[in-house]
1. Quickly run through segment 56-70 and pick out the residues that are among the β-branched types (Val, Ile, Thr) and more than 13 Å from Arg24 (Cβ to Cβ).
2. Using beta carbons and a limit of 9 Å, which pairs, at least six apart or on different chains, have the first residue in segment 38-62 and of a type in the set (A, V, I, L, M) and the second one open to solvent by 70 Å² or more (accessible area, probe 1.4 Å)?
3. Which residue pairs have Cβ atoms under 9 Å apart, sit 6 or more places apart or on different chains, and have a first residue in segment 5-33 that is over 15 Å from Leu66 (Cβ atoms) and a second that is of a type in the set (A, V, I, L, M) and part of a helix (DSSP H, G or I)?
4. Here are some residues: Gly48, Gly13, Gly40, Gly62. Which one is assigned to a helix (DSSP H, G or I) and out of contact with any Gly (no Cβ under 8 Å at 6 or more places or on another chain)?
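The values are calculated or read from the model by the stated rules, or taken from the named source; none is laboratory data. Everything numeric here is computed off the predicted structure, so don't read it as measured data. Neighbour counts are summed over all protein chains in view; Cβ atoms, including those assigned to glycine, are modelled from backbone coordinates with ideal geometry. When the accessible area is computed, the model is the full protein with side chains, heavy atoms only, and any ligands, DNA or RNA have been set aside. Shrake-Rupley method; radii C 1.70, N 1.55, O 1.52, S 1.80 Å.
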Amino acid sequence: MPSFYTEWSKAYGRCIVDTREVLRSALARGLTVVMEGAQGALLDPSSGCAPFVTKTPCGMAGAVALLTET
């Protein structure tokens with residue numbers, strides 16, 4: 001592995017987390033969570049133009065699915 005990645009992981013590795021758990025925890029504590037999806041509308045597989053789409057939904061349906069999956 002290039003040393004750049006090793007140094008980067010030492011500096012920022014603690015900041016990389018599974019955001020699903022962070023969001024679920026915040027919602028369970030009654031905190032307000034704001035999710036932004038404007039940039040993802042044309043990346044969504046159902047409304048975007050292939051091959052410039054992602055594998056998973058980027059709109060509101062994707063956000064709901066992210067928060068409700070177990």
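1. Matches in segment 56-70: Thr56 only.
2. Leu42/Cys49; Leu42/Phe52; Leu43/Phe52; Val53/Leu42; Val53/Leu43; Val53/Ser46; Met60/Met35; Ala61/Ser46
3. Thr32/Ala26
4. On the way: Gly48 fails: assigned to a helix (DSSP H, G or I); Gly40 fails: out of contact with any Gly (no Cβ under 8 Å at 6 or more places or on another chain); Gly62 fails: out of contact with any Gly (no Cβ under 8 Å at 6 or more places or on another chain).
It is Gly13.
For (1) loosely packed, with under 11 Cβ neighbours inside 10 Å; (2) within 12 Å of the chain's Cα centre (by Cα), each residue gets a yes or a no:
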{"site": "Tyr5", "(1), (2)": "yes, no"}
{"site": "Leu42", "(1), (2)": "no, no"}
{"site": "Thr56", "(1), (2)": "no, yes"}
{"site": "Gly59", "(1), (2)": "no, yes"}
{"site": "Gly62", "(1), (2)": "no, yes"}
